[in-house]
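Here, each number is a calculation from the coordinates, and none is a lab measurement. All figures in this text were calculated on a predicted structure; none of them were measured in a lab. All Cβ positions, glycine included, derive from the backbone under ideal geometry; neighbour counts span all protein chains shown.
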Amino acid sequence: MWTSLLVATGFVFLVAEVSLRRIFAPRRRPNVPESPVLYVREGVGYEYKPYARLTMYDESEEFYEEVMNSAGFRSDEISVQKTPGTYRILVIGDSVAESSSVRRAKSWPVLLQNLLSSSLHPSGPLRQVELINAGMGGYVSWQVAKRLEDRGLKYQPDMVLLVVGWNDLCLASRPEWKPYIDLSQINPNYGRLP
């Protein structure tokens, strides 16, 4: 009888111990490997480091190097303060916004900026169009909204082009999706980040 009572008591304490450890265990950030081009921003996930140097390949399969600006955006260096006569467009979203499959000079945000700039009237009130490409491949809509709020709006854009493609359907609907996730767990192609 005492043996059964001792075993039952031990089992109750074991279940209580395991349950309490699961409930009150400190939450640790998943193991995110150190990257020369990416860092993890609390509450959002990965972002490009300022002046990150990426080795990319274009549509003709040629490799080239591209450098992000001081904000970690795929744009020319742009000050937070707008100069008078500037119309500023912020492009923000996922890889469709980032347009990383082509060289920056051929990306749709740069082509749009060139098109709009060429249509300005010399004596008009606008003297230049600035376009900031704050796209980040792999992002889903909640990450884009957080990036816009935390990092994009300080540039005082006159227009925001928010572009989110298939990531919401393909990634965010998966049960393992969460901030800081190692995307190579979902798709091995993400393990090829430089």
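For segment 61-69, backbone phi angles converted through the Karplus equation (6.51, -1.76, 1.60; θ = phi - 60°) give residue-by-residue couplings of 6, 8, 7, 8, 9, 10, 10, 6, 7 Hz, Gly and Pro being listed as x.
Among the GluC sites (Glu not before Pro) in segment 111-181, those placed in a DSSP loop whose Cβ has at most 15 other Cβ atoms within 10 Å are Glu176. Label separation (Met159 vs Glu176): 4.0 nm, computed from points 7 Å beyond Cα along the C-beta direction. Close amide H pairs (under 5 Å, H built 1.01 Å from N) link Glu130 with Tyr87, Arg88, Ile89, residues at least 5 positions away or on another chain. Backbone N atoms of segment 61-95 closer than 16 Å to the 7 Å Cα→Cβ label point of Ala105 belong to residues 61-67, 75-76.
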